[in-house]
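Have a look at the structure below, then the notes.
The values are calculated or read from the model by the stated rules, or taken from the named source; none is laboratory data. Quick caveat, the model's predicted, so the values are computed rather than measured. Counting neighbours? That spans all protein chains shown, and the Cβs are built from the backbone with ideal geometry, glycine included.
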Amino acid sequence: MSPTATPARRQLHPPPVPVSPFPYHPGSLLSAQDLTLDGLSHLLTRATALENEDPLVRSRILAKRRVALLFYESSTRTRTSFELAAKGLGADTTLVSSLSSSIEKGESLKDTGLTLRALGAETIILRHNSSGAAWLLEAETRLPVLNAGDGMHEHPTQALLDLRTILAHLRPGVQAVSAETLAGVTVSIVGDILHSRVARSNMLLLPRLGARVLLCGPKELLPELAAAAGPGIAIERDFDAALRQSQAVMMLRIQAERLAGLQLDLELYKANYQLTGPRLAAHAPEAIVLHPGPIIRGLEITAGVADGPQSVILEQVRNGVAIRMAVVERALTASQQGGRA
Amino acid sequence: MTALAILGGHLIDPAAGVDLLKDILLKDGRVAEIAGPGKLKQANGAESLDATGLTVAPGLIDMHVHLREPGQGYKETIASGTAAAAAGGFTSVAAMPNTLPVNDSPEIARWMQAPERGAAIRVFPVAAATRGSKGEAINDYAAMKSAGAVAVSDDGHPILKDSVMRETLAAAARVGLTVIQHAEDTRLTQGGSMNLGPVSFKLGLRGMPPEAESGMVERDIRLVTELRDIRAHLHVAHTSTAAALNAVRQARRNGLRVTCEVTPHHFLLSEEHVGLYNTNAKMNPPLRAAADRDAMIEAILDGVVDVIATDHAPHAVHEKEVEFENAPNGITGLETALGLCLRWLHKEWKMPLGRVLSLLSAQPAALLNLKGRGTLVAGSFADVVIFDPKAEWTYNARETRSKSRNTPFDGWTMQGKVRWTISEGRVAYSSPA
């Protein structure tokens, strides 16, 4: 039988994909997609309110509540800003990191989570090197879990602080967002998309507000199938062409720790994808330049651009504290309303 | 030995072309007599089972299971795995050799079949194709066959080297054994924990490309083509990609001895069922794209697929309650195979019951050359499954007879309830109506 002679395809109705049970806890923030546009607006509003609040008043909001930071990977910005955010609201924080705990002795994520819960942790902020770890922790502890980065998957609070930064420049004064808030805005995300949780959270969040996301990078770091991750995402491999269309440019570090043997020609990479002063001046003189950090000066971005007038990198860091105050507040107040599991 | 009469049931024996109300007499572990209702001549003094309204069929044969013994009794034992098999209607299973140590010696093969293992049904060992399943030096297949092995495979460890695979196919053909290949080019799947595609990208998981399977199947078919004069037999385990199925289809058109099996999970589930890191949806080969899953269904309905096998792969709860990429591959399947095949292949996709049962008994028996099994003609082994084809029930993994319950089918609706499983004349499993 030739391929053309195969019988007409039957109408198949295979078993449906079950509805996701996540998040189990209304205070959890596992994915940038967990938030409705209303929820997003509320968080942005609270971030501004908390930032402007009298520090003494602010420190009574979560007085003596217990927040655990569980970090399996090194972190400067995320860890410190979550800690400052929780402490700013009056919460007690404790840091457990993989190198100074029983994790080194082989304790599982489940047991570590249950131990923190038994110690009185009311929410756990998790940074982990495995994609999906935050979902596992939430399922096992049923506590509100805040995903502070899981492997190559998501980093939702980074996407939120990036959004706050973008709004401040492109839509000043806007806090209540809608599906049209960023209509007409193109954000380019450039570099090591494949290994980046920042890229994934942003490409899922920004199009929901009407933005177009352009992904830019070499094939090894940006597979074609990335464009199918969601609506409003396209691939533009020509960096200059991407810059010309962009109002915001998000540069990413090459994640050497996740390359898994992949060999890159760094000189070629720099020639094609390094954001330099002349390149920025020629193609996107008005755009803001973001970077989630850590930046590797002289690789994906030159020092001149990182320190230049279009850079909002340190603003992003500052926004991190405000956003994380709102996210920690949500985690602990949702648990009060929703009852603890 | 006592005799057992199965009365009033509807016998479906696809290999014999029987689909009628029949009474059956089992004696001394064999089928003694088959007759119209009330017409058995030698049934005096025999115990009887009332099979009125039930389907009576040859006991099911699962040619791909992992019983974990020797070496990993905390996941499964031969006793617990075969108890689960009997509950699922199986009377024979072929046990893969990736045990600890690997089943690459007659001593281990005999140990697995010894009465002390407490097997509820027949266990046929699959011998390791190479020493230690390391893909280098081939085993003594004649000795393994004498010790009861029914096929050779390095399941879980594909034989990558062309020269070794060619030698394996040739040596197995000389002693009349099938080579079962777990088709995976591990050079392409390293670090992968699910199918490569938009879903793996979205979940931030490293992917296993479909070409890793189909490329290996194509390589193996080239080798079988070279060895066509000695009729080398390649069996593709747990086929999961449309491309691999196409290669099998083409090889058969070219007259080659190439067969394949598909698991229930690969014809029912797709990569979307991984959901948010459900480790009970993690196996190797991984759940593929919906188009591949649909191709499995089509190929089963079109008769390209020879066998439904479960790849029953038990793992302890604590081993699966971990980060997705750290979880071991595999799911259990013995208790759910018949219920899923009847619910979906028969009820949903209208495959005749006899054809479904053939995929689960007559065809694997023929493929592995299990004489006197997969049929209930007089003189064959008294391996019988008796089930209520109309009964719907819900699978509860906590009630499993396996030591493990790593299944994505917990809570699923099943069709067809097993009432009795009879292994060589002994009731290996029974359940109330």
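Among the residues of segment B:18-68, how many are more than 27 Å from residue B:177 (Cα to Cα) and within 23 Å of the chain's Cα centre (by Cα)?
2
Within segment A:76-102, how many residues are of a type outside the set (Phe, Trp, Tyr) and buried (at least 18 other Cβ atoms within 10 Å of the Cβ)?
Adding up the residues that qualify gives 12.
Select the helices (runs of 4 or more DSSP H) contained entirely in segment A:1-118, then report the ones holding at least 2 residues which are of a type in the set (Asp, Glu) and either modelled with pLDDT of 95 or more or closer than 18 Å to residue A:201 by Cβ (or both).
Passing ranges, in order: A:37-52.
For residue B:37, are the conditions met, namely being under 30 Å from residue B:108 (Cα atoms) and either modelled with pLDDT under 95 or assigned to a loop (DSSP other than H, G, I, E, B) (or both)?
no
Can you go through A:188, A:201, A:178 and tell me which one is in contact with a Ser or Thr (Cβ under 9 Å, 6 or more places away or on another chain), part of a loop (DSSP other than H, G, I, E, B), modelled with pLDDT of 95 or more and of a type in the set (S, T, N, Q)?
That would be A:178, the only listed residue that is in contact with a Ser or Thr (Cβ under 9 Å, 6 or more places away or on another chain), part of a loop (DSSP other than H, G, I, E, B), modelled with pLDDT of 95 or more and of a type in the set (S, T, N, Q).
Can you tell me how many residues within segment A:132-151 are within 14 Å of chain B (Cβ to nearest Cβ) and closer than 19 Å to residue A:79 by Cβ?
8
For residue A:33, only one of the following conditions fails: (1) more than 21 Å from the chain's Cα centre (by Cα); (2) within 14 Å of chain B (Cβ to nearest Cβ). What is its number?
Unmet for residue A:33, out of (1) more than 21 Å from the chain's Cα centre (by Cα); (2) within 14 Å of chain B (Cβ to nearest Cβ): (1).
For residue B:193, only one of the following conditions fails: (1) out of contact with any Phe, Trp or Tyr (no Cβ under 8 Å at 6 or more places or on another chain); (2) within 14 Å of another protein chain (Cβ to nearest Cβ); (3) not aromatic (Phe, Trp, Tyr). What is its number?
Result: residue B:193 fails condition (1) only.
If a residue must be more than 14 Å from every other protein chain (Cβ to nearest Cβ), buried (at least 19 other Cβ atoms within 10 Å of the Cβ) and not charged (D, E, K, R), how many such residues does segment B:390-426 contain?
Selection size over segment B:390-426: 12.
Test residue B:356 against the stated conditions and say whether it is closer than 29 Å to residue B:298 by Cα, of a type in the set (Val, Ile, Thr), within 17 Å of the chain's Cα centre (by Cα) and part of a helix (DSSP H, G or I).
Answer is yes for this residue.
Taking the condition farther than 28 Å from residue B:81 by Cβ and within 11 Å of chain A (Cβ to nearest Cβ), does residue B:276 pass?
So residue B:276 passes the test.
Any residue in segment B:221-235 that is out of contact with any Cys (no Cβ under 8 Å at 6 or more places or on another chain), at positive phi and surrounded by fewer than 24 Cβ atoms within 10 Å (Cβ to Cβ)?
Yes, segment B:221-235 has at least one match.
Taking the criterion of being buried (at least 24 other Cβ atoms within 10 Å of the Cβ), part of a loop (DSSP other than H, G, I, E, B) and in contact with a Gly (Cβ under 8 Å, 6 or more places away or on another chain), would at least one residue in segment B:254-275 satisfy it?
yes
Of everything in segment A:210-266, what is of a type in the set (Val, Ile, Thr), away from chain B (no Cβ under 14 Å) and surrounded by fewer than 23 Cβ atoms within 10 Å (Cβ to Cβ)? Give them in sequence order.
Residue satisfying the conditions is A:254 alone.
Which helices (runs of 4 or more DSSP H) does segment B:174-246 wholly contain that include 3 or more residues that are farther than 30 Å from residue A:204 by Cβ?
Where helices (runs of 4 or more DSSP H) fall fully within segment B:174-246 and carry at least 3 residues being farther than 30 Å from residue A:204 by Cβ, they are B:211-226.
Do we find that residue B:270 is of a type in the set (Gly, Ala, Ser) and facing chain A (nearest Cβ under 10 Å) in this structure?
yes
Which ones in segment B:312-343 are in contact with a helix residue (DSSP H, G or I) (Cβ under 6 Å, 6 or more places away or on another chain), within 20 Å of residue B:294 (Cα to Cα) and within 11 Å of another protein chain (Cβ to nearest Cβ)?
B:340, the sole residue that qualifies.
Suppose the filter is closer than 30 Å to residue B:285 by Cβ, more than 18 Å from the chain's Cα centre (by Cα) and either aromatic (Phe, Trp, Tyr) or crowded, with 19+ Cβ neighbours inside 10 Å (or both); does residue B:109 pass it?
For residue B:109, the condition - closer than 30 Å to residue B:285 by Cβ, more than 18 Å from the chain's Cα centre (by Cα) and either aromatic (Phe, Trp, Tyr) or crowded, with 19+ Cβ neighbours inside 10 Å (or both) - is met.
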